[in-house]
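What follows is a set of notes on a single structure, which appears directly below.
The values are calculated or read from the model by the stated rules, or taken from the named source; none is laboratory data. This structure is a prediction, so every number in the text was calculated from the model and none was measured. Cβ coordinates were reconstructed from backbone atoms using ideal geometry, including for glycine residues, and neighbour counts include every protein chain displayed. Just so you know, the surface numbers come from the protein's heavy atoms only, side chains and all, with ligands and any DNA or RNA stripped out. Shrake-Rupley method; radii C 1.70, N 1.55, O 1.52, S 1.80 Å.
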Amino acid sequence: MPLPGSGQAKNQEIFRILPFQQKNEEENMNLSNERKLQFTAIILAAFALIAAVAITLAIQPQETYAHEKALAFQSVEQIRYAKKTVWLLKTADQAADKTIQVKKSRKLQITGVSKNGWSQVTHQGKLYYVETRHLSKDNGYLVVIDAGHQKKGNSKTEPIGPGAKQKKAKVASGATGNHTRIPEYKLTLKMAKKLEKELKARGYQVKMVRTKHNVNMSNSQRAELANHAGADVFIRIHANSSASSSVSGALTISPTKNNKYCKKIYKKCNSLSKCVLAEFCKATGAKNRGVMYTDTMSGINWSKVPVTIMEMGFLSNKKEDKKMNKSAAYQKRMTKGMANGIDKYLKRD
Ligand SMILES: [Zn+2]
């Protein structure tokens, strides 16, 4: 049995110990909070690390990619044409800022190409980017050029249009220069070849009805050739003649709006005739005799594609005969004028 004193002492001891234990518990609690904080800090640090790694992984490859793309442009000197209306972009990236809108068939200076499908465009001294798949080597338009007449006319007849009863000579002999004595068929082929060269330089595809004098092609056959080719423009080059040597100037020929063969193309023929004549007269200074409307031309009536006849000037007029046949400078102006008219009609100007 314990002594009463010793029991008291023990109790006292217990009382002494108790605060100590409480203190220990407090310390334990403090320790536990510290651990929690440490744990939280570790978790946060881990999250931060993961986030940093993720951000690094997410950003760095793009930067490297863009960097590689920039490096991957091989320097070139090319002329290309827009296949459709496109935007020039600030960087080689589909999401890049749009800058300048370029219309279909517009000419672009390409100064770099990348293997991953981008082209670098130099425009007004600045660099832009466009996807190579939107570019083409040609401007997307086909022009068929008919050098009027041939070495020998063909007086055999053909209907003036599909199903027509009225007939006309398959192809007339054409006029001759009053002063130069040069036949029309020679001038028309010379000009057709110059126009072919000019149009090709502007990115057009060109098909020639004839490239030599000694052919036998009727006017309807010439139109069928343009139809078959699917020409966007069919231009027939001629020179005029009048009983009066004082008559001068240029004109183009369009079907009338009542032409039963040309219902589908009348509007386009009218527009083409106006554009070509206006630009021809602007470039050459020739007198503008206006668009002539007639439904008697077999080569127009048989045409299913936009067509015009360009009568460049009068071979019966000494001044125009000399200019058209003998002046290389005037021939250049006539060529530019016709090409500008075609550009204007196709809204490429
Ligand atoms: Zn003619």
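Taking the Cα-to-Cβ direction at residue 34 and at residue 193 and moving 7 Å from each Cα, how far apart do the two end points lie in nm?
10.2
Report the calculated FRET efficiency for residue 87 and residue 332 (r = Cβ-Cβ distance, R0 = 30 Å), to the nearest 0.05.
On the way: r = 36 Å, r/R0 = 1.19.
After rounding to 0.05, the efficiency reads 0.25.
Can you pull the percent of the chain's accessible area that's carbon plus sulfur, 1.4 Å probe, other chains left in place? Could the numbers behind the result be given before it?
Working: 10890 of 20290 Å².
Within the chain, the accessible surface is 54 percent carbon and sulfur.
For residue 90, go through the lysines and keep the ones whose alpha-carbon is under 18 Å away, minus same-chain ones fewer than eight residues off.
69, 98, 103, 126
At a temperature of 37 °C and a viscosity of 0.692 mPa s, determine how fast region 72-136 diffuses translationally according to Stokes-Einstein, using the Kirkwood radius over alpha-carbon pairs as Rh; express D in µm²/s, rounded to the nearest whole number.
Details: Rh = 11.4 Å.
Calculated translational D: 289 µm²/s.
Can you compute the charge dipole magnitude of the chain about its Cα centre, using +1 on each Lys and Arg Cβ and -1 on each Asp and Glu Cβ, nothing else charged? Give it in debye, rounded to the nearest 20. Before the final figure, lay out each step's value.
On the way: 61 positive and 26 negative charges, 734 e Å.
Value, rounded to 20: 3520 debye.
With each run of n ≥ 4 DSSP H residues scored as -39500 (n - 2.57), what mean residue ellipticity at 222 nm is computed for the chain after dividing by its residue count and rounding to the nearest 500 deg cm²/dmol? Mind showing how you got there, number by number?
On the way: 7 runs with 147 residues, N = 349.
Dividing the helical sum by the residues of the chain leaves -14500 deg cm²/dmol.
How much length would be gained if the chain were fully extended between residue 75 and residue 52, taking 0.36 nm per residue of separation minus their Cα-Cα distance, in nm to one decimal? List each step's numbers first, then the result.
Working: separation 23, 0.36 × 23 = 8.28 nm, distance 3.75 nm.
Stretched out fully, the residue 75 to residue 52 stretch lengthens by 4.5 nm.
Any idea of the accessible area per residue across region 142-345, 1.4 Å probe, to the nearest Å²? Please list the in-between numbers first.
Values: 9090 Å² over 204 residues.
Accessible area per residue, region 142-345: 45 Å².
How large is the direction-averaged shadow of the alpha-carbon convex hull of the chain, in nm²?
Here the figure is 33.9 nm², rounded to one decimal.
Can you give the extra length, in nm with one decimal, that the chain gains between residue 42 and residue 180 once fully stretched, where that is 0.36 nm per residue apart less the Cα-Cα distance?
Going from the current span to full extension adds 39.6 nm.
If one computes the Cα centroid of region 125-145 and of region 233-287, what distance in Å separates the two points?
30
So how strong a dipole does region 142-345 carry about its Cα centre when Lys and Arg Cβ are +1 and Asp and Glu Cβ are -1, to the nearest 20 debye? Each step should come with its number before you reach the end.
On the way: 40 positive and 13 negative charges, 45 e Å.
Here the size comes out at about 220 debye.
Roughly how many debye, to the nearest 20, is the charge dipole of region 72-136 about its Cα centre, given +1 on each Lys and Arg Cβ, -1 on each Asp and Glu Cβ, and no other charges?
Values: 12 positive and 4 negative charges, 70 e Å.
Dipole magnitude for region 72-136 comes out near 340 debye.
For a Förster distance of 56 Å, can you work out the FRET efficiency between the beta-carbons of residue 172 and residue 126, rounded to the nearest 0.05?
Working: r = 54 Å, r/R0 = 0.97.
Between residue 172 and residue 126 the formula returns 0.55.
Per residue of region 314-331, in order, report the coupling 6.51 cos²θ - 1.76 cosθ + 1.60 (Karplus, θ = phi - 60°) as ³J(HN,Hα) in whole Hz, putting x for Gly and Pro.
Each residue's phi maps through the Karplus curve to give 9, 6, 7, 9, 3, 4, 6, 4, 5, 4, 5, 8, 10, 9, 4, 5, 5, 4 Hz.
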